[in-house]
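Everything on this sheet refers to the single structure shown next.
The values are calculated or read from the model by the stated rules, or taken from the named source; none is laboratory data. These numbers were taken from a predicted model, which means no experiment stands behind them. Neighbour counts run over all protein chains shown; Cβ positions are idealised from the backbone, glycine included.
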Amino acid sequence: MAAAVRMDEKIEPIFQEVIQRNPGEVEFHQAVREVLESLGPVLVKHPEYTHHKIIERICEPERQIIFRVPWQDDKGNVQINRGFRVEFNSALGPYKGGLRFHPSVYLGIIKFLGFEQIFKNSLTGMPIGGGKGGSDFDPKGKSDSEIMRFCQSFMTELYRHLGEYTDVPAGDIGVGGREIGYMFGQYKRITNRYESGVLTGKGLSYGGSLVRTEATGYGATFFVNEMLKVRGQSFEGKTCVVSGSGNVAIYTIEKIHQLGGKVVACSDSNGVIYHEAGIDLELVQRLKEVERRRIKDYATYHKDAKFIEGGNIWEIPCQVAMPSATQNEINGRDAKLLVKNGCIAIGEGANMPTTPEGVKVFLDAGIAYGPGKAANAGGVATSALEMQQNASRDAWTFEFTEKKLEDIMVNIHQLCYETSEEYGVPGNYVAGSNIAGFIKVADAMVALGLI
Ligand code: NDP
């Protein structure tokens, strides 16, 4: 089953040019390589893509915006951060993709995320293009007022590039409901327009959608459930490990528990909580969502839980692993360890959490490996459902919206699986998601002409 694919010799020079034109942006190179490695057989079936230089064009963002974000901290000191928005591809709809606030953010990270977003959004079947943005601002340890001042300053520049038919951001690492609220408030104030569809992930009191908060984690779990079904398995009784303890991790844990699995570990950037009896989700939610504390405090409430400072969560044996923190958190060694310890399925809630060496280990081992651009597409799909509700001034129930999310994830899984079969690599969801996501965008780009 599922051998890794090599880059086609016609595509290799295009990739070399991407590296040369975007020096130092290693995450962007990694994301481009991973997609381009899948596309050789596509060019054989679709020579028109070569003629129209679709691959060359898709690797070049339509627009990149970089701006200064000045703000004042609580002591009255002036602080300066850098803001980004990369509007990558609008062949299928307005640019859509989250904002990340994290000190590691630079152009290469935003471009990797924006590039992945093009194909992910295409897989959802919704009319949305791909984009991503953010800042090197570190929200950790900041007061509420500092967060608000930063968000207002960030939006004071970004607003001119946004619009419900132009570009619609959402959250990502470091950007949740609180930040979206402050940014929406500033957008409304500057433009004097109550344009609900300009941001997603909004609070329920001002145009948000039920299930958006849960969507990425729930969706990733639905995707893994489908992969397990193909193998005649389910979550019932499975031991699972979920990295991170933020938005995606929390709702992944919740859905795994609902489907009969047991999550025994989660983490943050300081360390790992191992709780053999099963993670107490209510406590994680209180610590992280309400009190904004560190995950190590979990161990003070449960004497049978262990906090492993600086620990590696992938050393904990599990049957299902769902990386839900950040990029490149599983390397080749971690992947080998997971396989050796009996892991049969990986579902990526995070974007590009596995290094290329790790991906190769999973594909060679023939285990079910669901890459982020397919597995975590439920977040952006539910953002598109939020846009639909805003456009029709409607608000759907939780059950109705969750059912729609589940149907979307089942369809994405089926599309990726059928595409992997069509291209002779059945069960290789990397090839399936890259090819299926690419073809839809490529066809639209051909149809729209040279723009
Ligand atoms: P949050 O900010 O809510 O949580 C992020 C979690 O990951 C925190 O526990 C954080 O720990 C940890 N983390 C972040 N950066 C690092 C790092 N460099 N090293 C170790 N741990 C880290 O973000 P989300 O849950 O929204 O996002 C998690 C992942 O899911 C990201 O890859 C994101 O791109 C992806 N994603 C998110 C979507 C969404 O709808 N939110 C949609 C699709 C994908 P700490 O607090 O210590 O930093």
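Brief remarks on what is shown
- The C-beta contact set for the stretch 213-238 (first residue among the basic types (Lys, Arg), second residue within 16 Å of the ligand (Cβ to nearest atom), distance under 7 angstrom, 6+ apart or interchain) is empty.
- Filtered residues of the stretch 6-51 (kept if within 26 Å of the chain's Cα centre (by Cα) and farther than 18 Å from PHE115 by Cβ): ARG6, GLY40
- Any pair with Cβ under 7 angstrom, 6 or more apart, that starts in the stretch 169-181 at a residue that is at positive phi and ends at one that is in a strand (DSSP E or B) and more than 6 Å from the ligand (Cβ to nearest atom): GLY174/ARG100; GLY174/PHE101
- Taking the stretch 317-334 as the range and being crowded, with 18+ Cβ neighbours inside 10 Å and within 16 Å of the ligand (Cβ to nearest atom) as the test, the residues that pass are ALA321, MET322, PRO323, SER324, ALA325, THR326, GLN327, GLU329, ILE330, ASP334.
- Considering residues of the stretch 163-201 that are over 30 Å from SER245 (Cα atoms) and in contact with a Pro (Cβ under 9 Å, 6 or more places away or on another chain) only, the residue nearest to the ligand (Cβ to nearest atom): GLU164
- Those residues of the stretch 136-162 which are more than 16 Å from the ligand (Cβ to nearest atom) and assigned to a loop (DSSP other than H, G, I, E, B), in sequence order: SER143, LEU162
- Tabulated pairs, the stretch 380-409, first more than 22 Å from ILE180 (Cβ to Cβ), second assigned to a helix (DSSP H, G or I), C-beta under 6 angstrom, 6+ apart or interchain: GLU406/PHE222; MET409/GLY219; MET409/PHE222; MET409/PHE223; MET409/GLY378
- Elements of the type helices (runs of 4 or more DSSP H) sitting completely within the stretch 335-401 and holding at least 2 residues that are more than 13 Å from the chain's Cα centre (by Cα), more than 16 Å from the ligand (Cβ to nearest atom) and on the phi < 0 side of the Ramachandran plot: these cover 356-365, 378-391.
- Residue among GLY133, GLY98 that alone is under 26 Å from VAL410 (Cβ atoms) and touching a Pro at 6+ places or on another chain (Cβ under 7 Å): GLY98
- The residue list LEU338, LEU287, LEU228 contains one member that is touching a Phe, Trp or Tyr at 6+ places or on another chain (Cβ under 6 Å) and hydrophobic (A, V, I, L, M, F, W, C), which is LEU338.
- When residues of the stretch 238-284 are limited to those that are within 20 Å of ILE344 (Cβ to Cβ) and hydroxyl-bearing (Ser, Thr, Tyr), the one surrounded by the fewest Cβ atoms within 10 Å (Cβ to Cβ): THR239
- Of the set (1) under 21 Å from the mean Cα position of the chain (by Cα); (2) part of a helix (DSSP H, G or I), all apply to THR326 but (2).
- Scanning the stretch 115-158 for residues that are crowded, with 24+ Cβ neighbours inside 10 Å and among the charged types (D, E, K, R) turns up GLU116, LYS120, LYS132.
- The sole residue among PHE137, PHE154, PHE112, PHE150 that is within 30 Å of LEU405 (Cα to Cα), among the hydrophobic types (A, V, I, L, M, F, W, C) and outside the structural domain of VAL35 (by TED's automatic domain parsing) is PHE112.
- In the set (1) in contact with a strand residue (DSSP E or B) (Cβ under 9 Å, 6 or more places away or on another chain); (2) among the aromatic types (Phe, Trp, Tyr); (3) under 30 Å from ILE412 (Cα atoms), TYR298 fails one condition alone, (3).
- GLU60 vs. criteria surrounded by fewer than 15 Cβ atoms within 10 Å (Cβ to Cβ), touching a helix residue (DSSP H, G or I) at 6+ places or on another chain (Cβ under 7 Å), more than 19 Å from ARG100 (Cβ to Cβ) and modelled with pLDDT of 95 or more: no
- Members of the stretch 141-162 that are acidic (Asp, Glu) and under 15 Å from GLN72 (Cα atoms): ASP144, GLU146
- None of ASN376, ASN312 is surrounded by fewer than 21 Cβ atoms within 10 Å (Cβ to Cβ) and either closer than 30 Å to ALA431 by Cβ or aliphatic (A, V, I, L, M) (or both) except ASN312.
- When the residues of the stretch 100-111 are filtered to those that are more than 10 Å from the ligand (Cβ to nearest atom) and not basic (Lys, Arg), the one that is surrounded by the fewest Cβ atoms within 10 Å (Cβ to Cβ) is TYR106.
- Answer from VAL425, VAL446 - the residue that is closer than 26 Å to PRO323 by Cβ and in contact (Cβ under 8 Å) with a residue 12 or more places away in the chain: VAL425
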